[in-house]
Amino acid sequence: MNSVIFLYYLGSTILTLTLGKLLNTPYPITHWLLLFLGVILGLVFRTTRVKAFFYGFITSFIIALIYTLMIYVQSPLMTQKFAKLLGIQPTGLILIIAILQGLLLGLASLTGAWLRKILYP
Amino acid sequence: MKVLKFILLFFFTVGIFYFLSQKIGKTPALGYILNPYEGFLQQSELDRPDVSMPKNFSSQLKGKAEILFDDLMVPHIFAQSDEDLYFLQGYVTAYFRLWQMDMITRAASGRLSEVIGEIALKRDRFMRRIGMVIGAENTIKALSQDTIAQKVMTAYTKGINAYIQTLGYQNFPIEFKLLGYSPEPWTPLKTALLLKYMAWDLSGKSSDKELSDIRYYLGENVVKELFPNYPPIMEPIHPQNPNWKTWKPEIPKIPDNTSLTSNQGITQNFEFTKTEKGLGSNNFVVGGTRTQNGYPILANDPHLRLSFPSIWFQIQLHAPNMNVVGVSLPGAPNVIIGFNEHVAWGVTNVAPDVLDYYKITFKDASRKEYLYNGEYRPITYRIDTFYVRSKGIVLDTLEITHHGPIVDSKGENFHPECPKDHAIRWLAHDPSQELLTFYYLNRAQNLQDYRNALKYYSCPAQNFIFASKNKDIALTSNGKYPLKWKEQGKFTLDGANPQHEWQGFIPFDHNPFTLNPPQDYLASANQFPVDTSYPYYLHWEFASFERGKRIHDRLKNLYNANVDSLRLLQLDNKNLFAEFALPSMLNYLDEQLIQEKKWKYNLERWDYLHEPLAVEPSLFTEWFKRFEQLVWDEFIILQGKDTLQLRYPEPVVTVSLLKKDAENQWFDIKNTALRETAGHLLVLAWNQAIQELQKSFGSLERAVWYQYRGTRIVHLALIPAFSSEVLKHGGGSDIVNALGKTAGPSWRMVVQLEEKKPKGFGIYPAGQSGNPGSRYYDNLLPVWLNGNLKPILFLENSQEPSQNIIAKYSF
């Protein structure tokens with residue numbers, strides 16, 4: 001794993017999510033920002049498609065996991081109730097959230113990397 | 001090939017993102033809701049309040065203002081003008097309860113289908129067809145004619161909208177995210193709709209169709225025998241007033257023909273069910289001669305549908321010439337039940353007959369004209385538009401007569417009390433200014449102010465109980481009462497006959513009112529406000545005798561009272577109906593023929609208390625229910641494959657019949673050769689009840705009362721994870737502690753008046769916050785379950801030191 005690329009992934013993802021949170025529009029935008037961010041990251045960095053997916057997945061997974069855990073530790077009520085709503089344990093819900101976020105950025109990065117492969121064979 | 005694969009991947013990726021952004025059926029958009037940066041996690045709330053204020057907040061206020069939050073998250077608002085006060089009340093209420101406000105007003109205005117789809121369309125159509133919007137529009141017109149009302153409504157609306165403008169998707173209450181829609185701007189009409197929704201809840205009951213059906217199928221004499229105009233046992237709210245005899249009211253003459261044959265045919269599968277029986281509210285006040293400190297003590301516990309979030313929101317409002325604390329309705333300004341430095345007040349529902357159905361005779365099948373007073377009048381039309389989610393626009397044409405709208409034009413079975421081709425005449429359609437009553441009550445300083453405030457009140461009529469530091473106690477069964485002939489509206493009325501119309505209203509000064517009675521206490525529990533010596537007709541039925549009588553019985557012997565005396569009375573679990581019925585029922589029970597004999601002995605020793613872990617209340621309730629079903633078998637009408645269940649007589653009538661004549665013909669089961677008596681039926685009902693309880697609970701010992709009753713406090717969107725477990729609490733329908741299956745004491749308050757400042761105590765079974773992710777969502781429920789009250793913090797000014805204040809915002 002190239003740590004420089006990973007740090008770029010990590011930094012740009014944190015910046016993008018911070019931007020989304022600051023804007024706080026009436027429409028949920030960070031979901032879509034992840035798509036654009038992933039495609040751009042996949043396009044910019046010269047890696048294999050598998051690695052692009054991996055960088056995207058691991059970056060988003062880690063950020064989401066830490067963020068969700070932080071909220072859960074400080075104020076667990078909502079996570080507990082939402083987990084009850086889904087019929088699972090809160091820890092299971094936290095893991096699902098992190099995996100989903102990882103998959104989304106990973107998939108977007110893979111798409112970007114594939115596009116790069118076509119544009120710059 | 002690479003390009004093709006990329007295109008496939010591209011569409012797959014975008015497709016996944018798109019798919020996760022869509023609400024599918026009841027499942028919310030998972031990509032949004034599970035997004036930790038904007039989804040449900042954002043509603044995880046820390047312990048301390050964090051009321052976000054917009055940057056230009058101070059510029060929206062006329063003067064300086066402060067909001068203090070106490071440790072129960074109750075806001076205490078201090079403002080220098082009424083406009084600022086109500087602006088901040090709107091803002092803070094929306095901060096905690098925005099979704100609830102939105103949902104209730106959507107339900108009231110028939111707009112639920114906009115957010116939950118076609119499943120709510122029939123319900124929406126019904127709410128429009130009973131004229132909720134018509135009534136709200138008329139109220140807004142009436143309020144706009146009063147400068148004070150307009151000022152209050154405008155400021156309150158601005159406050160709510162100021163909060164909505166601060167919101168982004170991240171801060172939307174969780175229910176908006178789950179249902180997938182956004183908050184919309186608040187309007188004064190929504191406040192009026194909320195008040196009309198309360199009016200429907202409290203005055204929308206009608207016996208017209210039910211009694212007409214009974215008269216049609218079983219005859220006039222059955223109605224006279226089993227549905228009397230005054231019950232066999234009753235202790236009315238107001239003692240007899242000598243003035244009643246001196247009045248010379250112009251009571252309308254009973255028309256020659258009042259017996260419409262208005263069989264509606266057999267209908268079933270209604271969209272709505274009838275409201276739970278035996279619930280209501282209690283309020284009582286004891287005068288200074290009966291209290292420890294020599295000043296009155298007032299108590300109130302309105303029994304409404306219990307929900308998360310609670311119907312109530314506790315608040316203190318302080319402005320020049322006003323300092324009041326109590327509970328408000330989220331979506332309406334002012335305090336509804338509470339106290340200030342001088343007076344305290346509370347309300348229970350009166351439930352007079354202010355809703356009647358008029359049979360409409362159309363000229364022909366075109367339904368364009370209807371008969372009235374020998375002439376044909378044109379029908380007017382109102383076309384209602386429904387924006388149904390995932391379906392589009394649906395139009396509904398409402399036919400309107402001068403009586404009111406025709407609710408059910410096509411036999412659509414909206415509601416069991418609503419007959420086909422009848423126009424609804426409902427007092428809540430009329431222009432009214434109830435808001436002003438609470439505006440002036442909040443500022444009342446004495447009895448005269450209280451009486452003046454009540455003049456603005458129309459519907460739903462309430463028993464306004466009152467106490468002041470001047471040591472006055474009073475009770476007014478207040479509202480607008482139609483001037484009616486006796487039994488007018490007990491059955492459906494003839495829309496063609498002018499004599500069947502309401503003939504005006506009872507003058508305000510003739511509304512039942514009692515001031516400082518000799519016994520020095522007053523109480524109401526939704527029972528008959530007055531006895532038969534009162535010259536006007538209000539209704540033929542009110543709440544049964546039990547709660548009212550029990551409260552009177554206890555107050556008669558209450559001296560040296562303090563706050564705790566009245567708190568304990570609110571928690572009284574004694575079932576007076578069981579005390580009335582059970583000895584006779586057991587007397588006719590042949591123990592040679594029954595199962596589980598030991599439970600007969602247990603019932604004989606029962607103290608009639610509905611304690612949560614007792615089995616006797618479950619057995620008695622199930623046994624009586626089965627007995628009723630067997631006695632009133634004639635009340636099931638069969639026509640072909642269809643069945644019509646007529647309404648049973650009141651339980652007290654059934655037991656009176658048992659006590660009077662156990663071999664009465666009503667006790668005979670029609671379809672058997674045997675001539676049954678009450679004894680036969682009681683044995684049969686007993687064995688059925690035992691089998692039912694054993695089947696449901698495994699054994700009788702496990703059929704404890706709280707499990708049998710099965711009360712849960714349910715979230716307004718019926719989300720189980722946001723609702724409570726079964727409540728381990730005593731009480732029951734027609735018991736002072738009136739906790740039923742879905743409704744109960746929604747706010748318990750006791751106020752001790754004093755020379756300087758009253759001491760108030762209150763509790764409701766939820767919490768201040770509507771956010772399930774907040775610890776203030778249900779933090780008051782355990783206190784309520786234990787029967788305790790919390791002191792109501794009542795600050796004289798914003799600088800008053802208090803250890804309970806945990807946050808302060810200045811503007």
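Roughly how many debye, to the nearest 20, is the charge dipole of chain B about its Cα centre, given +1 on each Lys and Arg Cβ, -1 on each Asp and Glu Cβ, and no other charges?
Details: 85 positive and 85 negative charges, 304 e Å.
Taking the Cα centre of chain B as origin, the dipole is about 1460 debye.
What's the center-to-center distance, using Cα atoms, between segment B:326-372 and segment B:683-710 in Å?
With segment B:326-372 and segment B:683-710 each reduced to a Cα centre, they are spaced 39 Å.
Could you give each residue of segment B:470-476 its phi-based ³J(HN,Hα) in whole Hz, using Karplus coefficients 6.51, -1.76, 1.60 with θ = phi - 60°, and x for Gly or Pro?
6, 6, 7, 10, 8, 9, 10
So which of B:Lys598/B:Lys728; A:Lys84/B:Lys808; B:Lys253/B:Lys480; B:Lys196/B:Lys756; B:Lys62/B:Lys808; A:Lys21/A:Lys84 end up more than 29 Å apart by C-alpha? Provide the component values of the computation, followed by the final result.
Details: B:Lys598/B:Lys728 26 Å; A:Lys84/B:Lys808 35 Å; B:Lys253/B:Lys480 20 Å; B:Lys196/B:Lys756 37 Å; B:Lys62/B:Lys808 19 Å; A:Lys21/A:Lys84 27 Å.
With Cα atoms farther than 29 Å apart: A:Lys84/B:Lys808; B:Lys196/B:Lys756.
Per-residue mean of other chain beta-carbon atoms within 10 angstrom of the beta-carbon, peptide B:19-30? Don't skip to the end; give the middle numbers.
Working: counts 0, 3, 3, 0, 0, 0, 0, 0, 0, 0, 2, 3.
Average neighbour count from other chains, rounded to a whole number: 1.
Quick one: compute the contact order of chain B, relative version, from alpha carbon pairs under 8 angstrom and 6+ residues apart, as a percent. Walk me through the numbers on the way to the answer.
Details: 1677 pairs, mean separation 151.9, N = 811.
It comes to 19 percent, rounded to a whole number.
Within 10 Å, count the other beta carbons around each residue, average over each peptide in B:329-342, B:540-553, and list them highest first. The partial results should precede the final answer.
Numbers: B:329-342: 24.9, B:540-553: 22.9.
Going from most to least packed, we get B:329-342, B:540-553.
Report, in deg cm²/dmol and to the nearest 500, the calculated mean residue ellipticity at 222 nm for chain B, where each DSSP H run with n ≥ 4 adds -39500 (n - 2.57) and the sum is divided by the residue count.
-9500 deg cm²/dmol
May I ask you to list the aspartates and glutamates whose Cα is less than 13 Å away from that of B:Lys549, ignoring any residue fewer than eight positions away on the same chain?
Excluding near neighbours in sequence, the set is B:Glu235, B:Asp572, B:Glu579, B:Asp734.
According to a simple spin-label model (label point 7 Å from Cα along Cα-to-Cβ), what is the distance in nm between B:Asp590 and B:Leu4?
Rounded to a tenth, the inter-label distance reads 8.9 nm.
What's the average, rounded to a whole number, of partner chain beta-carbon atoms within 10 Å of each residue's beta-carbon in A:72-83? Please list the in-between numbers first.
On the way: counts 3, 0, 4, 9, 2, 10, 12, 5, 4, 11, 13, 1.
Across A:72-83, the average partner-chain Cβ count within 10 Å equals 6.
Can you work out ³J(HN,Hα) from phi for every residue in segment B:607-616, in order, using Karplus 6.51 cos²θ - 1.76 cosθ + 1.60 and θ = phi - 60°, giving whole Hz and x for Gly and Pro?
Here the 3J(HN,Hα) series is 8, 6, 8, 8, 7, x, 9, 7, 8, 4 Hz.
To the nearest 0.05, what FRET efficiency results for B:Glu184 and B:Asn243 with a Förster distance of 45 Å applied to their C-beta separation?
Numbers: r = 51 Å, r/R0 = 1.13.
Efficiency for this residue pair is about 0.30.
If the only charges are +1 at each Lys and Arg Cβ and -1 at each Asp and Glu Cβ, what is the size of the charge dipole of segment B:581-709 around the Cα centre, to the nearest 20 debye?
On the way: 15 positive and 19 negative charges, 40 e Å.
Rounded to the nearest 20 debye, it is 200 debye.
Name the long-range amide H neighbours of B:Asn478: under 5 Å, sequence gap of 5 or more, or other chain; modelled H, no Pro or chain starts.
Under 5 Å from the amide H of B:Asn478: B:Gln462, B:Asn463, B:Phe464.
Can you give the mean number of other chain Cβ atoms that lie within 10 Å of the Cβ atoms in peptide B:9-17?
Values: counts 7, 4, 1, 3, 12, 5, 0, 5, 8.
Per-residue shielding by partner chains comes out at 5.
Please list the non-local residues whose amide H lies under 5 Å from the amide H of B:Thr711, H modeled 1.01 Å from N, same-chain partners needing a gap of 5 or more.
Under 5 Å from the amide H of B:Thr711: B:Leu727.
Given q = 0.17, 0.21 Å⁻¹, what are the Debye log10 I(q)/I(0) values for segment B:635-784, with equal point scatterers placed on the Cα positions and solvent ignored?
Each listed q maps to, in turn, -1.14, -1.34.
Sort A:Thr25, B:Thr711 by accessible area with a 1.4 Å probe, largest first. Working shown, then result.
On the way: A:Thr25 40, B:Thr711 0 Å².
My answer, sorted largest first, is A:Thr25, B:Thr711.
Hey, any idea what % of segment B:26-116's accessible area is carbon plus sulfur with a 1.4 Å probe?
Values: 1370 of 2740 Å².
Roughly 50 percent of what the probe reaches on segment B:26-116 is carbon or sulfur.
For B:Lys122, list the aspartates and glutamates whose Cα falls under 12 Å from its own Cα; do not include residues on the same chain fewer than 8 positions away.
Answer for B:Lys122, where 12 Å is the Cα cut-off: B:Glu271, B:Asp396, B:Asp408, B:Glu412, listed by chain and number.
Explain nothing, just the number: dipole magnitude of segment B:518-609 about its Cα centre with +1 on each Lys and Arg Cβ and -1 on each Asp and Glu Cβ, in debye rounded to the nearest 20.
Values: 11 positive and 13 negative charges, 39 e Å.
Roughly 180 debye, rounded to the nearest 20.
Could you sort B:72-81, B:36-45 so that the peptide with the highest average Cβ count within 10 Å comes first and the rest follow in order? Walk me through the numbers before you get to the answer.
Details: B:72-81: 21.7, B:36-45: 24.0.
Top to bottom by mean Cβ count within 10 Å: B:36-45, B:72-81.
Using Cα positions and a limit of under 17 Å, work out the aspartates and glutamates in reach of B:Lys248, with same-chain residues fewer than 8 apart set aside.
Within the straight-line limit of under 17 Å, B:Lys248 reaches these aspartates and glutamates: B:Asp509.
Counting only heavy atoms of protein chains, what accessible area per residue, in Å², does the protein assembly as shown have with a probe of 1.4 Å?
Values: 36630 Å² over 932 residues.
Computed with neighbouring chains in place, this is 39 Å² per residue.
Along Cα→Cβ, 7 Å out, is where each label goes; now give me the distance between the ones at B:Tyr381 and B:Ala673 in nm to one decimal.
In this crude label model, B:Tyr381 to B:Ala673 measures out at 6.2 nm.
Give the separation of the Cα centroids, segment A:80-121 to segment B:726-778, in Å.
Segment A:80-121 and segment B:726-778 have Cα centres separated by 44 Å.
³J(HN,Hα) across segment A:83-93 via Karplus (A = 6.51, B = -1.76, C = 1.60, θ = phi - 60°), whole Hz, x for Gly/Pro?
Result, rounded to whole Hz: 5, 4, 4, 8, x, 10, 7, x, 5, x, 5.
Taking the dipole about the Cα centre of the protein assembly as shown, with the C-beta of Lys and Arg at +1 and of Asp and Glu at -1, give me whichever of A:Thr30, B:Asn349, B:Leu576 is farthest to the positive side.
A:Thr30
What GluC sites (Glu not before Pro) does segment B:737-810 have in DSSP loop regions with at most 12 other beta carbons within 10 Å? Working shown, then result.
Details: sites: B:Glu754, B:Glu755, B:Glu796; in loops: B:Glu754, B:Glu755, B:Glu796.
Answer by residue number: B:Glu755, B:Glu796.
Can you give me the pair-distance distribution of chain A, C-alpha pairs, 5 Å bins, whole percents?
Here the calculated profile for chain A is 2, 12, 19, 20, 18, 13, 8, 5, 2, 1, 0.
When only Cα pairs under 8 Å and 6 or more residues apart are kept, what is the percent relative contact order across segment A:3-119? Walk me through the intermediate numbers first.
On the way: 145 pairs, mean separation 48.0, N = 117.
After rounding, I find 41 percent.
Output the pairs from B:Lys158/B:Lys190; B:Lys141/B:Lys420; B:Lys471/B:Lys759 with a Cα-Cα distance over 19 Å in this structure; if there are none, say none.
Values: B:Lys158/B:Lys190 13 Å; B:Lys141/B:Lys420 30 Å; B:Lys471/B:Lys759 15 Å.
Those over the limit are B:Lys141/B:Lys420.
Using +1 at the C-beta of Lys and Arg and -1 at the C-beta of Asp and Glu, which of A:Pro121, A:Thr16, A:Ser75 has the Cα lying farthest in the positive direction of the dipole of chain A?
So the residue we want is A:Pro121.
Among B:Thr677, B:Thr643, B:Trp632, pick out the residue whose Cα is farthest towards the positive end of the charge dipole of segment B:581-709, where Lys and Arg carry +1 and Asp and Glu carry -1 on C-beta, about the Cα centre.
B:Thr643
Determine the shape class of chain B: with a ≥ b ≥ c the square roots of the Cα gyration tensor eigenvalues, call it rounded for a/c under 1.5, and otherwise prolate if a/b is greater than b/c, oblate otherwise.
Numbers: a/c = 1.33, a/b = 1.20, b/c = 1.11.
Cα axes put chain B in the rounded bin.
If one computes the Cα centroid of segment B:26-42 and of segment B:462-487, what distance in Å separates the two points?
Cα centroid to Cα centroid, the span is 50 Å.
The values are calculated or read from the model by the stated rules, or taken from the named source; none is laboratory data. As the structure is a computational prediction, the values presented were derived from the model and not from experiment. Don't worry about glycine lacking a Cβ; one is built from the backbone with ideal geometry, like all the others, and counts go over all protein chains shown. All accessible areas refer to the heavy atoms of the entire protein, side chains included, with ligands and DNA or RNA removed. Shrake-Rupley method; radii C 1.70, N 1.55, O 1.52, S 1.80 Å.
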